[in-house]
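These notes concern the structure reproduced below.
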Amino acid sequence: MGWAVLGIVVAVIFYAIYVYNGLVGLRQRVNQAFADIDVQLKQRHDLIPNLVETVKGYAAHEKSTLDAVIAARNAAQGAHGPAAQAAAEQQLSGAVGRLLALGEAYPDLKASANFQQLQVDLGNVEDKLAAARRFFNNAVSEFNASIQAFPAVLFAASMGFAPREFFDVGPETRSQIEVAPTVKF
């Protein structure tokens, strides 16, 4: 009887270690996915001053639009945590969208090779950023489900595992993302 109890205790300890190590791995996956988002956001933030300078050369009197983009970029760079970053990036996306729309009003700007290349680069970064957000949100979902599932729920909180926030772009931006792009010839 003593050996059976000892065997059960040892099995429970090994199982707890197994579950703990799994949760640590999932937490690391979430952290890595968030770091991937940070890399894409940094690339995006680095492109924006070049875009602003290009537009400034053609549409210098659009100062309020240019200032709004710079202010939104600075706010996005200073945001911390998924919720704050998502909100700041949503504001930045709107400001950049207004800046890119200036290309329609200024044919010389629209024809500029530099402006066109910056639009392509920004589009590529946006695609990578969307993929990084999906990966992060998937990792967060898996992590949150794991810490809320039995038996991890019994000790996850006491070991410092708390649910993580999703990187939500917000309903306005989500509706823009879900609309298929229009191609004009």
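Compared with the alpha-carbon gap, the fully stretched path from Ala145 to Ala113 is longer by 6.7 nm at 0.36 nm per residue. Relative to the longest principal axis of the Cα atoms of the chain, the long axis of helix 2-58 makes an angle of roughly 10 degrees. On a per residue basis, region 1-118 carries 56 Å² of accessible surface, using protein heavy atoms and a 1.4 Å probe. Give me the Debye-computed log₁₀ of I(q)/I(0) at q = 0.14, 0.15 Å⁻¹ for the chain, equal point scatterers on Cα only, no solvent, two decimals. The Debye formula, applied to the Cα set alone, gives -0.83, -0.91. Charges were assigned to the Cβ only: +1 to each Lys and Arg, -1 to each Asp and Glu. The resulting dipole of the chain about its Cα centre is roughly 260 debye.
Note on the chain: Lys pairs 8 or more places apart or on different chains, Cα atoms under 19 Å apart, count 4.
State the percentage of accessible surface on region 13-65 attributable to carbon and sulfur atoms; use a 1.4 Å probe and exclude ligands, DNA and RNA. On region 13-65, the fraction of accessible area on carbon and sulfur atoms equals 59 percent. Between Ser112 and any residue 5 or more places off or on another chain, the built amide H atoms are never under 5 Å apart. Taken along the Cα-to-beta-carbon direction at a fixed 7 Å, the label points for Trp3 and Asn21 span 2.6 nm. When peptides 128-137, 77-86 are sorted by average Cβ neighbour count within 10 Å, with the highest value leading, the order is 128-137, 77-86. Against the empirical 2.2 N^0.38 Å (N residues), region 1-98 has a Cα radius of gyration ratio of 1.95. Every pair of different Cα atoms in region 105-166 enters the Kirkwood calculation, which places the hydrodynamic radius at 14.9 Å. With R₀ set to 41 Å, the beta-carbon distance separating Ile13 from Ala83 gives a calculated FRET efficiency near 0.65. Zone of Asp67 (label point 7 Å along Cα→Cβ, backbone N under 18 Å): which residues in region 99-115? Only 99 fall inside the zone, counting backbone N under 18 Å.
Rounded to the nearest whole angstrom, the semi-axes of the ellipsoid equivalent to region 44-153, taken from the Cα gyration tensor as √(5λ), stand at 36, 15, 9, largest first. The distance from the alpha carbon centre of region 42-62 to that of region 1-28 is 56 Å, rounded to a whole number. Per residue, the chain reaches -28000 deg cm²/dmol at 222 nm when only DSSP H runs of four or more residues are counted, each adding -39500 (n - 2.57). Our coupling estimate for region 150-164, obtained by passing each phi through the Karplus curve with A = 6.51, B = -1.76, C = 1.60 and θ = phi - 60°, is 6, x, 4, 4, 5, 9, 4, 5, 5, 9, x, 8, 10, x, 9 Hz, Gly and Pro reported as x.
Listed peptides 151-159, 68-76, 114-122 appear in the order 68-76, 114-122, 151-159 once ranked by packing, highest mean of other Cβ atoms within 10 Å at the front.
The values are calculated or read from the model by the stated rules, or taken from the named source; none is laboratory data. Predicted model only: the values in this text are computed from it and were never measured. Cβ sites come from the backbone with ideal geometry, for glycine too, and all protein chains shown count toward neighbours. We work out accessible area using only protein heavy atoms, side chains counted, and drop any ligands, DNA or RNA first. Shrake-Rupley method; radii C 1.70, N 1.55, O 1.52, S 1.80 Å.
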